[in-house]
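Please read the structure below before turning to the comments.
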Amino acid sequence: MNKIKPMRQGYPIFIISLCACFLFYKYVLQIYPSVITDQLMSEFKLTGAGLGNLVATFYYAFMVTQLVVGILLDKYSARWITAAAIFICAAGVFLFSQSYSVLDACLSRALMGIGVAFATVAYMKLASVWFPPRQYAFIGGLLATAAMAGAVFGQAPLSWLISQLTWRYCLYVIGLFGFALAFLFAFTVRDAPKELQELYDAKKLHVTYKDILAVIKSKQNWLLTLYGGLAYSPVAVFGGLWGNPFVQQAYHLDKIQSATMVSLVFMGLGIGSPVLGMLSGYLDVRKNLMFYCTLLSCIAISLVLYCHPMPTWLLGFLLFGFGFGLGAFVLVFTVGKELNNPSLTATVIAMINASDAILDGITEPAIGKLLDLGWDGKVVNSVHYFSLHSYHIALSILPIYLLSAALLLLWIKDKN
């Protein structure tokens, strides 16, 4: 017994750390197009809508895959399925680094989308197995910390690396890292503690498609799903593609400076998620915290979009506040877990997570299309130049999403 106890204390942390590495990897893959928008538009001869569609291929594949992610992880081995997902991600980014046609680039982005669809769900599923319920909100908050660390790396640090090397070489190395992570995950992670393995296997066998259908039919689950998409999509859209070019133009910053500013959104989200997770556990309340924090984010991004120019320190403060407030978004997974059968945790989380991909996949090309409609024909360095007025109209979608998400919470139940 004495030999098992130390492992039980440290091994769950090791497992969740590998899951966190997968989340870090996911967000590097999701974010990197935002720091090479000019290179991609020039290399593949893309318009704003074309770039949006190329990037959104990631979300289309993610969305389709998300339909089966929860079912697979609830009924089969999380270890082997997650390792395979990481391998697919690595293959996708490796192939993207070697792509010279739009079709090849789209197919590579689709492979990445298929793989990363498992990242969040696998993290929350394994957290529910290896950690006690009282720690779930805090561990869930750390999910965003790991993810946002990847997003931060995908901004200024990656932008600097690409300026020193080339974007193709950087993505080639990122692909090799993914292959190593997949190998490590496959041969070190277990699905459950040894003493609970039989019980874990028995629960998986008792998960039926009737149970899964009940999750899908739940009105509360659909409200949580819609909230999740509306609350998180502004971060993904602003930080993942259109935030960098807007900040460069509106605040007269260079690429690395704007990437540093945008990375503050992810830093805020990464810090806010565990802090607000602990606060929700201390106050024993979820919905009210999510409501006020979502409104805070709506105000912050509105000021960034429409009240420029402003001092750089104030821009950084507001972008950090935008991300910090949306740290409460991760509580949607805890609410979903508390309102449903624990054996169906992965299915519930996958359902909520799917809305992110759907709205991201719709919103990124939609913003690109709105920018194209307002384009006056100006081209700079073989790249379409969009006016600030066009950005104001196109990016108005973001505060509208956040306000709608806050209002949706009025109909969501909080078990606590």
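The values are calculated or read from the model by the stated rules, or taken from the named source; none is laboratory data. These numbers were taken from a predicted model, which means no experiment stands behind them. Note that we place each Cβ from the backbone using ideal geometry, even for glycine, and neighbour counts take in every protein chain shown.
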Report task. Examine segment 156-165 for a residue that is out of contact with any strand residue (DSSP E or B) (no Cβ under 9 Å at 6 or more places or on another chain), at pLDDT below 85, of a type in the set (S, T, Y) and surrounded by fewer than 20 Cβ atoms within 10 Å (Cβ to Cβ), and state whether such a residue exists. Result -> yes
Query - Residue list for segment 200-245, restricted to those being surrounded by fewer than 24 Cβ atoms within 10 Å (Cβ to Cβ), of a type in the set (F, W, Y) and at pLDDT 90 or above - result: W222
Query raised in the report: Just for segment 119-155: of the residues that are part of a helix (DSSP H, G or I) and polar (S, T, N, Q), which one is surrounded by the fewest Cβ atoms within 10 Å (Cβ to Cβ)?
Result: Q135
Query raised in the report: Residues that are buried (at least 23 other Cβ atoms within 10 Å of the Cβ) and at pLDDT 80 or above: which helices (runs of 4 or more DSSP H) entirely in segment 312-412 hold 3 or more of them?
Result: 312-325, 331-338, 345-373, 397-408
Report summary line: Selection from segment 178-196 of residues modelled with pLDDT of 85 or more and part of a helix (DSSP H, G or I) yields G178, F179, A180, L181, A182, F183, L184, F185, A186, F187, T188
**Report entry** Boolean, G175 is touching a Ser or Thr at 6+ places or on another chain (Cβ under 7 Å) and modelled with pLDDT under 85
**Finding:** no
Query raised in the report: How many of the residues in segment 128-150 are over 16 Å from V330 (Cα atoms) and either within 20 Å of the chain's Cα centre (by Cα) or of a type in the set (S, T, Y) (or both)?
Result: 1
